[in-house]
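Accompanying notes for the structure given below.
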Amino acid sequence: MSAKPQRLRQTGKRQKILVAGAGMSGLVAALELEHVGHDVTIIEARDRVGGRVHTQRGSDGTPIAEAGAGRIPRSHHWTLDYISRMGLTLHPLYPPKLTNLAFVNGQRCSLDSGTELAQAVALPENERALGYPGIVKTYLLDNLDRLLAAGVIDTPAWPPEQLADLDRLSLPDYLAERGLSQAAIKLLTLGAFPTAISPLMLSRVLAHYDRDGLSIIEDGNDSLPKAIAARLRGDILLGTPVLAVSQFSDRVEVTVVREGRTTTMTADALICTIPYSVLPTVTFEPLLSPARRQILAEMRYVKVAKVAFRMRSRFWEADHLSGFAQLDTGAEIWSPQWPSNGHRGVLQLYQQGDRVTEMDALSEPDRMRWAIEKIEEVFPGAERHVEESVSYSWQLDPWARGAYGIPYPGDLFKWKGRLARHEGRIHFAGEHTSEYPAWIEGAVRSGHRAASEVNEAGS
């Protein structure tokens with residue numbers, strides 16, 4: 001696959017296209033289709049564009065934190081290409097020359113080159129002898145080396161049959177099967193870590209992940225979907241959820257709710273970017289294929305809630321700390337900074353997993369209290385610096401019902417070639433249909449792929 005997106009070829013036939021969803025995949029699909037002369041209308045259930053790229057802003061309009069996609073690796077070349085095409089500027093996610101933290105068993109540890117994180121937990125003698133870097137290499141990076149040697153990433157051969165042994169179990173179960181202690185497993189799964197993924201899927205993520213090369217977009221990551229939306233000629237109909245889709249030999253009809261009234265829109269093709277967590281609420285005639293209905297029933301979406309506090313000052317920097325931390329409770333603390341923040345700072349609790357259910361059951365004030373107490377454990381004194389706060393739960397968003405869809409052990413092979421397969425005039429896109437789930441990169445690539453399918457189908 002190309003290192004960056006290629007423009008579609010002119011086919012000479014102008015089509016009328018509907019795109020369900022104004023997230024990154026839908027916007028990219030519309031942009032590329034318009035470029036080669038098609039008429040595109042986007043229908044979006046929310047009252048904004050961007051989908052799960054959603055920057056939360058303060059009372060002065062400046063960014064506080066990302067409710068959704070919060071980091072852009074420098075290896076995600078397709079995303080970077082669209083950022084460049086839109087004339088946007090990137091800033092490093094992590095501040096230079098400041099120390100990140102880990103919080104393990106109630107103990108705060110520095111994550112710098114001189115720290116031996118393995119000392120934070122009681123390890124058996126053989127694991128203590130390896131040390132944290134040795135444990136990472138033996139149990140994680142050796143698998144990554146196997147994947148890279150296979151040379152199948154971003155090729156039709158993904159996932160590789162010769163590495164099927166790495167997709168049998170979740171990462172914690174795999175590590176336990178290899179004899180690693182629970183204490184060491186805790187170290188390898190610190191932070192907002194989706195523990196249900198397999199070692200093979202984790203190896204794929206690590207192959208494209210460079211912690212030192214993560215960026216955010218100036219004035220918020222939602223600047224990208226907003227910039228693309230501003231370039232489009234066709235309509236973007238916000239507040240317009242899809243109720244039903246009917247497919248015929250010569251057209252597709254989409255029933256929506258528009259300004260309180262039910263109406264039907266007709267097109268030559270539909271690009272559907274609705275998350276698979278929400279798609280079962282849409283009626284299809286004829287029914288979607290049994291294979292896709294099976295995936296809809298099986299795909300699990302990760303639970304994520306984020307609570308961010310704008311601080312009057314970055315008090316943690318007095319101790320040479322970055323404001324970023326990985327916790328052993330399925331959480332991380334982030335401290336994103338934009339030039340518009342000036343001397344102010346942000347501490348954001350990024351909680352993943354079962355504890356999100358506990359957060360979702362709380363009232364907004366209680367959720368804020370819960371989150372600041374967790375932050376206080378790592379950055380004492382944080383509460384007295386709070387200026388304002390925002391929160392977001394992706395489970396409580398009716399148009400997301402979860403943060404992102406990921407394959408569980410065995411799913412990579414069970415779903416191979418089926419996640420994104422079109423069904424007649426209906427084409428599917430979104431991070432959940434890509435080989436980069438949970439990333440903007442996955443949404444971008446899937447939107448471009450769906451646009452190419454529609455364009456070529458009409459030639």
Write down the percent of antiparallel bridges among all DSSP beta bridges whose residues are both part of the chain, to the nearest 5.
70 percent
Among the listed pairs LYS16/LYS226; LYS186/LYS306; LYS137/LYS303, which have their C-alpha atoms separated by more than 25 angstrom in this model?
LYS137/LYS303
If you wrap a convex hull around the Cα atoms of the stretch 47-155, how much volume per residue is inside, in Å³?
209 Å³
For the stretch 152-229, the Kirkwood Rh over every pair of distinct alpha carbons, in Å, works out to 15.2 Å
For LEU396 and GLN182, extending 7 Å from Cα along the Cα-Cβ vector and measuring point to point gives, in nm, a value of 3.2 nm
Rank HIS208, HIS35, HIS432 by accessible area, highest first, at a 1.4 Å probe radius?
HIS35, HIS208, HIS432
Work from the charge dipole of the chain (Cβ charges, +1 for Lys and Arg, -1 for Asp and Glu, about the Cα centre) and give the residue of THR11, THR99, VAL278 farthest towards its positive end.
THR11
Tell me the carbon and sulfur percent of the accessible area for the chain, rounded to whole percent, probe radius 1.4 Å.
50 percent
Each residue of the stretch 203-219 in order: what ³J(HN,Hα) in whole Hz does its phi give by Karplus 6.51 cos²θ - 1.76 cosθ + 1.60, θ = phi - 60°, with x for Gly and Pro?
4, 5, 4, 5, 5, 10, 10, 10, 4, 7, x, 9, 9, 10, 8, 4, 6
Hey, what do the phi angles of the stretch 296-301 turn into as Karplus ³J(HN,Hα) couplings, whole Hz, using 6.51/-1.76/1.60 and θ = phi - 60°, x for Gly and Pro?
4, 6, 9, 5, 9, 9
When only Cα pairs under 8 Å and 6 or more residues apart are kept, what is the percent relative contact order across the chain?
24 percent
Once the piece of chain linking ARG312 and ALA164 is laid out straight, how much longer is it, given 0.36 nm per residue of separation minus the C-alpha distance between them?
48.2 nm
Could you order TYR436, TYR209 by accessible surface area, starting with the largest, using a probe radius of 1.4 Å?
TYR209, TYR436
Mean ellipticity per residue at 222 nm, deg cm²/dmol - from DSSP H runs of n ≥ 4 across the chain, formula -39500 (n - 2.57)
-8000 deg cm²/dmol
How much accessible area per residue does the chain have, counting only protein heavy atoms and a probe of 1.4 Å, in square angstrom?
41 Å²
Once you charge only the Cβ atoms, +1 for Lys and Arg and -1 for Asp and Glu, what is the size of the charge dipole of the chain about its Cα centre, to the nearest 20 debye?
940 debye
At ARG293 and SER363, where each label point lies 7 Å from the Cα along Cα→Cβ, what is the point-to-point distance in nanometres?
4.4 nm
Starting from the Cα of ARG300, step 7 Å along the direction of its Cβ; do the same at ASP319; then give the gap between the two resulting points in nm.
3.5 nm
Cα-Cα pairs of the stretch 213-264 separated by more than 19 Å (percent):
54 percent
In whole µm²/s, the translational diffusion coefficient that Stokes-Einstein assigns to the stretch 374-449, given a Kirkwood hydrodynamic radius over C-alpha pairs, 25 °C and 0.890 mPa s, equals 158 µm²/s
Is there a quick way to get the dipole size of the stretch 322-459? I mean about its Cα centre, with the Cβ of Lys and Arg at +1 and of Asp and Glu at -1; what is the value in debye to the nearest 20?
600 debye
Under 16 Å from the 7 Å Cα→Cβ point of VAL257, by amide nitrogen: which residues of the stretch 282-301?
282-283
Just to verify a number: what accessible area does SER75 come out at with the full protein assembly present, 1.4 Å probe, Å² rounded to tens?
30 Å²
Given a Förster distance of 35 Å, report the FRET efficiency between GLU376 and LEU140 from their Cβ-Cβ distance, rounded to the nearest 0.05.
0.65
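The values are calculated or read from the model by the stated rules, or taken from the named source; none is laboratory data. The model shown is predicted, which means the values in this text are computed figures rather than measured ones. FYI the Cβ positions are ideal-geometry reconstructions off the backbone, even for glycines, and counts take in every protein chain you see. We work out accessible area using only protein heavy atoms, side chains counted, and drop any ligands, DNA or RNA first. Shrake-Rupley method; radii C 1.70, N 1.55, O 1.52, S 1.80 Å.
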